[in-house]
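Computed from the coordinates by the stated procedures, all read-outs in this text should not be read as laboratory data. Just so we're clear, the structure is a prediction, and the values are computed from it rather than from any experiment. Here Cβ is always computed from backbone atoms with ideal geometry, including for glycine, and neighbour counts include all displayed protein chains.
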């Protein structure tokens with residue numbers, strides 16, 4: 001099969017996955033932006049004068065990159081996982097299963113569309129929240145690197161969850177018991193340095209912590225740990241999760257009986 | 001080279017209650033350009049066999065070739081050759097009919113395919129539904145879209161898994177005219193159906209499956225010739241004499257009795273008269289595929305019992 005055909009098939013699946021969420025963008029893009037803004041209004045307002053994280057940075061400013069990254073991660077995960085589980089349950093995944101598309105094509109398209117949605121929501125949150133507090137991009141390269149890697153990793157994780165889950169409640173469990181705690185315990189709302197030593201140590205085992213910390217570094221030029229350490233941990237996590245997702249797709253895990 | 005070659009295909013499902021042999025060493029070939037029927041009762045393994053062909057399921061033994069290519073190792077080639085109409089009435093609620101067809105076409109690397117998509121829509125009576133959302137379509141219309149989706153990349157081999165289950169007469173006519181025309185143009189067709197008169201009218205050759213095994217495989221005409229050639233049909237108001245039960249099929253008041261020749265016909269009538277029964281609306285005709293099917297399936301059950 002020629003490379004042009006392979007590329008064309010992959011592009012179609014990517015286009016279809018983007019079109020799928022874009023057709024309901026009120027629910028898939030606008031709603032998460034609103035949620036993030038509500039977090040900012042409430043926590044920012046209540047905690048602005050009570051919490052000091054970095055010396056030169058106000059709490060609301062500190063909070064914005066965390067909320068942006070949280071939105072990127074949650075929506076990247078939601079996209080691939082909900083698309084797959086819906087197609088599995090309604091049975092229309094058969095349209096894809098009878099095609100010659102390889103596991104790489106599936107991976108690139110599902111993860112790619114997840115990244116598009118995650119980054120769109122992230123940009124939306126950033127665009128709205130910039131009205132509330134001043135924000136600079138001191139080291140912008142890190143912003144792009146962590147946004148892309150984080151969205152990619154959560155897209156791949158959503159792919160795994162979508163393959164594994166057979167029912168909507170299993171998917172909800174994955175989301176509520178794995179994704180939500182990992183996001184909330186990653187330092188979105190606080191610096192982990194303000195935690196007791198035990199919880200600091202636990203936080204350092206959470207790859208989400210490094211995504212948020214590295215992403216924030218891009219805005220403020222300061223971070224809890226070195227951005228290079230964060231980068232190596234996040235990149236390694238992305239590679240491991242992607243390798244698992246690709247393997248599951250290649251063997252047709254829960255796809256081909 | 002056969003269009004499709006099933007070679008010792010077995011499929012075993014493992015469950016807590018023990019192994020289920022869905023397919024047991026199924027072997028047969030389908031030549032290019034054939035219109036081939038795959039018949040069997042529910043649970044015989046027809047859909048499993050088609051699923052293995054299409055790559056939706058994996059065989060536990062044997063292999064399947066499409067134009068000489070293995071469906072597991074050369075899936076990229078074989079899936080391009082196949083157009084599969086699934087049995088379940090599935091659809092993607094996010095898209096319109098035209099979007100769904102363009103996307104399906106794109107998966108196979110066929111872009112700018114609107115001329116063929118329009119032709120499919122016209123031939124399947126979908127032209128005025130092109131921009132309707134899939135959710136708005138009736139069951140029959142969704143079925144037509146499934147057929148269009150299977151054909152959108154112009155596959156040389158068309159696989160239809162009970163495409164007319166629960167659809168109205170009009171669609172059945174439209175569909176069969178279209179599929180028959182594609183077959184005349186050289187497309188190979190593999191069909192499973194519960195409507196035996198459809199199989200009799202359309203299929204040049206037929207395989208019958210029962211409990212995962214091929215129990216009959218022949219030209220349709222040969223299958224029809226090889227069985228009791230005459231079938232008596234009549235209505236009866238009294239109970240059928242017990243001596244006729246073994247060779248009869250009773251559906252409500254209607255009785256069908258097998259008879260090989262005129263002497264047997266006379267004997268049946270004499271038995272009825274002796275029992276004081278008066279047959280109404282008596283017809284004597286050739287056996288059809290349904291009779292052959294039941295005879296073969298019953299024969300198999302007797303063999304198992306013996």
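Please compute, for peptide A:22-30, the average count of beta-carbon atoms on other protein chains lying within 10 Å of each residue's beta-carbon.
Details: counts 1, 5, 1, 0, 0, 0, 0, 0, 0.
Mean partner-chain Cβ count within 10 Å for A:22-30: 1.
Work out how much length residue A:201 to residue A:228 would gain on full extension: take 0.36 nm times their residue separation and subtract the Cα-Cα distance, in nm to one decimal.
7.8 nm
Note the per residue figure in Å³ for the convex hull of the C-alpha positions in region B:228-286.
72
At 7 Å along Cα-to-Cβ for each site, give me the label-to-label distance between residue B:14 and residue A:7 in nm.
Computed distance between label sites residue B:14 and residue A:7 equals 4.3 nm.
In nanometres, what is the gap between the two model label sites at residue B:128 and residue B:251, each 7 Å from Cα along Cα-to-Cβ?
The modelled label-to-label distance comes out at 3.5 nm.
Neighbouring Cβ atoms within 10 Å as the yardstick, rank B:75, B:13 fewest first.
B:13, B:75
Using Cα-Cα distances under 8 Å and only pairs 6 or more residues apart, what relative contact order does chain B have, in percent? If you can, show how the numbers build up before the last one.
Numbers: 534 pairs, mean separation 59.6, N = 306.
Relative CO of chain B lands at 19 percent.
Run the simple label-point estimate for residue B:195 and residue B:237 please: 7 Å along Cα→C-beta, distance reported in nm.
Between residue B:195 and residue B:237, the simple spin-label model gives 3.6 nm.
Of A:216, A:20, A:50, which is the most mobile in a GNM of chain A whose springs link Cα atoms less than 10 angstrom apart?
Its mean-square fluctuation being the largest, the pick is A:50.
At 0.36 nm per residue, minus the direct Cα-Cα distance, what do residue A:170 and residue A:55 gain on full extension? Give it in nm, one decimal, please.
Here the answer is 37.1 nm.
Give the share of C-alpha pairs in each 10 angstrom bin for the protein assembly as shown, from 0 to the last occupied bin, in whole percents, shortest bins first.
Bin by bin from 0 Å, the calculated values are 3, 15, 21, 18, 14, 11, 8, 4, 3, 1, 0, 0.
Show me A:220-230, B:263-273, B:236-246 ranked by packing, highest mean number of other Cβ atoms within 10 Å first.
Values: A:220-230: 17.6, B:263-273: 14.9, B:236-246: 12.8.
Answer by packing, highest mean first, reads A:220-230, B:263-273, B:236-246.
Express the relative contact order of chain A as a whole percentage, based on alpha carbon pairs under 8 Å and six or more residues apart in sequence.
Details: 359 pairs, mean separation 66.7, N = 257.
Across chain A, relative contact order equals 26 percent.
Can you divide the C-alpha Rg of region B:19-84 by 2.2 N^0.38 Å and report the result to two decimal places?
On the way: Rg = 12.1 Å, N = 66, 2.2 N^0.38 = 10.8 Å.
For region B:19-84, the normalised Cα radius of gyration is 1.12.
Over the Cα atoms of region B:122-261, what is the Rg over Rh ratio if Rh follows Kirkwood?
Here the Rg-to-Rh quotient is 1.08.
Please check which bits of region B:1-38 a label hung off residue B:77 would reach, taking the label as a point 7 Å along Cα-to-C-beta and the cut-off as backbone N under 14 Å.
Of the residues in region B:1-38, B:1-5 have backbone N under 14 Å from the label point off residue B:77.
May I ask for log10 I(q)/I(0) of region A:3-251 at q = 0.07, 0.08, 0.11, 0.15 Å⁻¹, from a Debye sum over the Cα atoms as equal point scatterers with solvent left out?
So the normalised log intensities are -0.24, -0.31, -0.58, -1.02.
Which residues in region B:152-186 have a backbone N closer than 18 Å to a point placed 7 Å from the Cα of residue A:15 along the Cα-to-Cβ line?
Those under the cut-off are B:152-154.
Among B:261, B:29, B:70, whose mean-square fluctuation peaks in a Gaussian network model of chain B (Cα, cutoff 10 Å)?
Of B:261, B:29, B:70, the Gaussian network model singles out B:261 as fluctuating most.
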